[in-house]
Amino acid sequence: MNHATLAPSPWIVRWSHLLAPGADMLDVACGSGRHMRWFAERGHPATGVDRSREAIDAAATFGHALLADIESGPWPFEGQRFGAVVVTNYLWRPRLADIVAAVAPGGVLLYETFAAGNEQVGKPSRPDFLLQPGELLAACTGLRVVAYEDGFLGEPERFVQRIAAIRPQAAPATPPRHLLQAP
């Protein structure tokens with residue numbers, strides 16, 4: 001399936017207004033680049049990583065696309081920070097800390113993936129690929145959570161956890177205003 005032709009996740013669209021204008025973004029396990037396309041069309045330099053050559057070839061249309069197996073090989077973005085890190089339908093627990101660390105100060109993490117309970121309705125069904133209750137929240141310690149959901153969606157039926165979280169910058173003089181809807 002060519003994910004580049006799919007619409008972006010409604011969760012990602014809903015919270016994409018949290019990115020600073022022109023902020024660069026990293027799409028982890030980007031597939032064919034549907035989220036890279038969404039952000040590139042809005043003026044955000046897009047980078048994606050995936051282990052599929054076919055997917056990366058398609059994603060390269062929307063920005064810098066890196067072929068890498070982040071499960072077997074090293075994290076290719078060591079020391080790099082992005083204005084946004086986007087992850088959908090992907091979980092590899094040994095990389096969670098790297099993914100969160102890649103969010104720059106003032107940057108946004110938008111993450112949505114399958115959760116425990118999904119084994120009742122379809123795939124993925126292995127516990128290795130399903131977040132446990134509160135697991136995504138725990139992984140985001142140190143980020144300011146703007147939105148979090150853990151529950152069941154229909155059409156297609158699936159259990160998910162999803163989060164929109166921002167890495168705080170230096171202590172602001174006034175509380176930050178993270179809009180809960182696009183202006």
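What residues of segment 89-106 lie in the reach of a label at residue 169, counting those whose backbone N is under 18 Å from a point 7 Å from the Cα along Cα→Cβ? Label zone hits: 103-106.
Quick check on the chain: helices-only [θ] at 222 nm, where DSSP H runs of length 4 and up contribute -39,500 (n - 2.57) each and the sum goes over total residues. Nearest 500, please. Intermediate values should be presented prior to the final figure.
Numbers: 5 runs with 31 residues, N = 183.
For the chain, the value works out to -4000 deg cm²/dmol.
At 25 °C and 0.890 mPa s, what whole-number value in µm²/s does Stokes-Einstein give for the translational diffusion of segment 7-166, with Rh from the Kirkwood sum over Cα pairs? If you can, show how the numbers build up before the last one.
Working: Rh = 15.7 Å.
Once the numbers are plugged in, D ends up at 157 µm²/s.
Would you kindly state the longest site-free stretch of the chain, with sites defined as GluC sites (Glu not before Pro) in a DSSP loop (not H, G, I, E, B) surrounded by at most 15 other Cβ atoms within 10 Å? It runs 79-156. For the chain, relative contact order (Cα pairs under 8 Å, six or more residues apart, normalised by length) works out to 19 percent. Once you list every other residue whose beta carbon is under 12 Å from the beta carbon of residue 115, what net charge do they have if Lys and Arg are +1 and Asp and Glu are -1? The answer is -3.
None of the figures in this text is laboratory data; all of them are computed from the coordinates on show. What you see is a predicted model, and the numbers here were worked out from it, not measured in a lab. Cβ sites come from the backbone with ideal geometry, for glycine too, and all protein chains shown count toward neighbours.
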